[in-house]
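Colleague: Have a look at this one before I ask anything.
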Amino acid sequence: MGEMHSFQAEVSQVLRLVVGSLYSNPEIFLRELISNASDALDKLRFEAIADPKLLEGDPELVIRVAADEAAGTLTLSDNGIGMSQEELAKNLGTIAHSGSKAFVEQLQRAQEAAKQGDAVQLIGQFGVGFYSAFLVADRVDVVSRRAGEAGAARWSSDAKEGYTLEPAERAGRGTDVVLHLKEDARDYLKRWRIEELVRRYSDYVAHPIELLEPPAPKDQAGEAADERAEGEPTYRRLNQGSALWQRSPKEVTDEQYTDFYKHLTHDFEAPLARRHFHVEGTQMFAGLLFIPKRPPIDLFDPEVKRGIRLHVRRVFVMNDAEELLPRWLRFVRGVLDSEDLPLNVSREILQDSKAVRLMRRQVVSQTLSMLEELASERPEDYASFFRGFGAVLKEGLHFEPDQEKRLAELVRYESSESEDKLTSLKDYVARMKEGQTSIYYVTGAERRLVERSPHLEALTQRGYEVLYMTDPVDPFVVETLRAYADKPLVNAMSESLKLDEGGEESAQEARDVAHQGLIERFQSVLSERVSQVRTSTRLKGSPVCLVIPEGGLAPHLERLMRAQQLGVPAQKRVLELNSEHPLIQRLDELNREPERAEDVTEWIGVLYDQALLAEGSPLDDPARLAQRLTELMTRAAG
């Protein structure tokens, strides 16, 4: 009897959800286990580049499936890298992912909402497909021997409280996964069923997938009907195993592309778009790129590695080759196969390789072409893509400004023109009012805050459309994307906003002089919090607003960066007064009465806090505002 171990808490929760019939499609277990076996073979071949001895004695890499109807077991075997006893405990007893807690929470929500597709997708995103074996099995045994090591180990579990670990025997390197099938899952022991599932889900696995054939029949004399020795196992290959990306696109069907994508990514949905290309010239390589339908929940996790799968002359080299894919395209999945790189290529070589830089440029160009086609031919699907991945794509404008022209055509924003649709800059320019010379935008944490912003009052009065930029990356984007179609992008919250040509500056100077006393009083009371007080041309219905000084940060972005302890100092902004508002005019009158000085001071404090609330910023002292309002209302009522 092996030593008993408890599962990590997240694994126990995953198993309860899986065993509790979370899936509506249990047959995916075979695909998940075959994909894991394929990964083990790829890892062995990669390690064998540096240590060829790992392949000695068993150079042919293969995945084998054996069904034993009498015992009720289905066994998947590979002669890949294998696992030591410690690795079995680590890989099968824990979820080795920084977001495992978030994963379990989302999995539970998907179950509660009965969203089977969401749950299946999450399993694929987090690489915990091994546990899908318990959809069909009461118990799973894993016997594995690490390449280069003499001993093997057995992992066994019934998916309840824990698992056992003990030494075991295995003739060579690799892993056997033995499923003790449930009574209602015995259908998966039938050879025709196994063949069907392999061809449906795993036909493009690069390694042979072989099925154990039944013993050779005997003739009346008791001799084997063919030349096989009695008891000698025979296997028949089930999958094509050809490199799909090396074929001509005309030879590949939509279904084949989808099956390959699912095998490559462990996603359970078809991709939103794809791009299949071949490059010939000074460099020769083929590529197949995909865009998922939905973003993974760790899309913005900086610790998660992103990249595409790299092959050299059909030989797998590495997953997540980040050097081939910029961070702002980290949602792309796919394969790149080079004819020119060395098989023992390392990440250091990738970083310094001219050939890799050329391949990276092609990946960027092909991805942008794929997105341009999607936006042109399927605008609704593109809008769905942009809502999920747009914040990442826009990072390219900041980090790779040489792609500005192409990315400017691809960015989309919500706007004051529509409640639920995204708009392009091209469509915005086409709708501009006669005489309008700029593209106006406002930044903020979310639409509901910015669309009622007092900064938009004069723009709205003129009928100008305003773009709502609500992603944290947007303030950095407009530093690069300063104009589109010769129309400058202007922040409605900036102190430099000018709406009227000609006499605007002189008119404002006249208003400032007329209200100089009140302006000085505001500056005196708020000297620690604002850099300047002046009258406004943008306000029509609100008494005050705070605007961003030239070169300053949007308030929501400043808060975000300070929360991340990035050393951003607090900035003083400009307070603008609406000289036409009755409240400001009344305060101007009260300011001329010395006995009302205290009241004016209280009102100034209230108006500053109101400006913070209107833009969605937190108050310095909410209790003080409540006290002030109570005092002022008491006086007004008295």
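Nothing in this text is a laboratory measurement; each read-out follows from the coordinates by a stated rule. If you're wondering where the values come from, they're calculated on a predicted model, not measured in any experiment. Virtual Cβ from ideal backbone geometry, glycine too; neighbours counted across all protein chains shown.
Colleague: Tally Lys and Arg at +1 and Asp and Glu at -1 over the other residues with C-beta under 11 Å from the C-beta of residue 313: what net charge comes out?
Modeller: Local charge sum for residue 313: -2.
Colleague: Label point 7 Å out from residue 462 along Cα-to-Cβ: which residues of segment 533-551 have amide N under 14 Å?
Modeller: 537-540
Colleague: Here is a follow-up. Which of the lysines could a cross-linker bridge to residue 182, judged by Cα under 21 Å and excluding same-chain residues fewer than eight apart?
Modeller: 160, 190
Colleague: Determine, for each peptide in 530-543, 249-262, the mean count of other beta carbons within 10 angstrom over its residues, then list the peptides with the highest first.
Modeller: 530-543, 249-262
Colleague: Between 0 and 90 degrees, rounded to the nearest ten: what's the tilt of helix 582-591 against the longest Cα principal axis of the chain?
Modeller: Helix 582-591 sits at roughly 50 degrees to that axis.
Colleague: Using amide H atoms built in the peptide plane, which far-off residues or other-chain residues are under 5 Å from residue 137 H to H?
Modeller: Residues meeting the amide H criterion: 182.
Colleague: Go through segment 22-83 and name the GluC sites (Glu not before Pro) that are in a DSSP coil and have 15 or fewer other Cβ atoms within 10 Å of their Cβ.
Modeller: Hits after loop and neighbour filter: 56, 60, 69.
Colleague: Let me ask you something else. Using only Cα atoms and rounding to the nearest 10 degrees, what angle (0 to 90) does helix 354-377 make with the longest principal axis of the chain?
Modeller: So the helix axis and the longest Cα principal axis differ by about 70 degrees.
Colleague: While we're looking at this one, here's another question. Could you tell me which GluC sites (Glu not before Pro) in segment 551-585 are loop residues by DSSP with no more than 14 other beta carbons within 10 angstrom of their beta carbon?
Modeller: Sparse-neighbourhood loop GluC sites (Glu not before Pro): 580.
Colleague: In whole angstrom, and with the biggest value first, how far do the Cα coordinates of segment 237-297 range along each principal axis?
Modeller: 39, 32, 18
Colleague: Which lysines, on any chain, are close to residue 421 with Cα under 25 Å apart, when same-chain ones fewer than 8 places away are left out?
Modeller: Cα-Cα hits under 25 Å: 293, 394, 405, 433, 487.
Colleague: Would you kindly calculate the mean projected area, averaged across all directions, of the convex hull enclosing the Cα atoms of the chain, in square nanometres?
Modeller: With every direction weighted equally, the projected area is 38.2 nm².
Colleague: Taking N as the number of residues in segment 244-377, what is its Cα Rg relative to 2.2 N^0.38 Å?
Modeller: Ratio of Cα Rg to 2.2 N^0.38 Å: 1.01.
Colleague: For segment 394-491, compute Rh as the Kirkwood radius over C-alpha pairs and then the Stokes-Einstein diffusion coefficient at 10 °C and 1.306 mPa s; write the answer in µm²/s, rounded to an integer.
Modeller: Translational diffusion coefficient: 116 µm²/s.
Colleague: Here's another thing I want to ask about it. Helix-derived [θ] at 222 nm for the chain: sum -39500 (n - 2.57) over DSSP H runs of at least 4, divide by residue count, nearest 500?
Modeller: That calculation yields -11500 deg cm²/dmol at 222 nm.
Colleague: Could you give the alpha-carbon Rg of segment 464-537 over 2.2 N^0.38 Å, rounded to two decimals?
Modeller: For segment 464-537, the normalised Cα radius of gyration comes out at 1.43.
Colleague: Order 479-487, 129-137 from most to least packed using the mean count of other Cβ atoms within 10 Å.
Modeller: For the peptides 479-487, 129-137, the packing ranking is 129-137, 479-487.
Colleague: Let me ask you something else. Roughly how tilted is helix 100-112, in degrees to the nearest 10 and between 0 and 90, from the longest Cα axis of the chain?
Modeller: 90
Colleague: Taking a cut-off of 12 Å between Cα atoms, list the aspartates and glutamates near residue 262, but don't count ones fewer than 8 places away on the same chain.
Modeller: Hits, sequence-local ones excluded: 32, 203.
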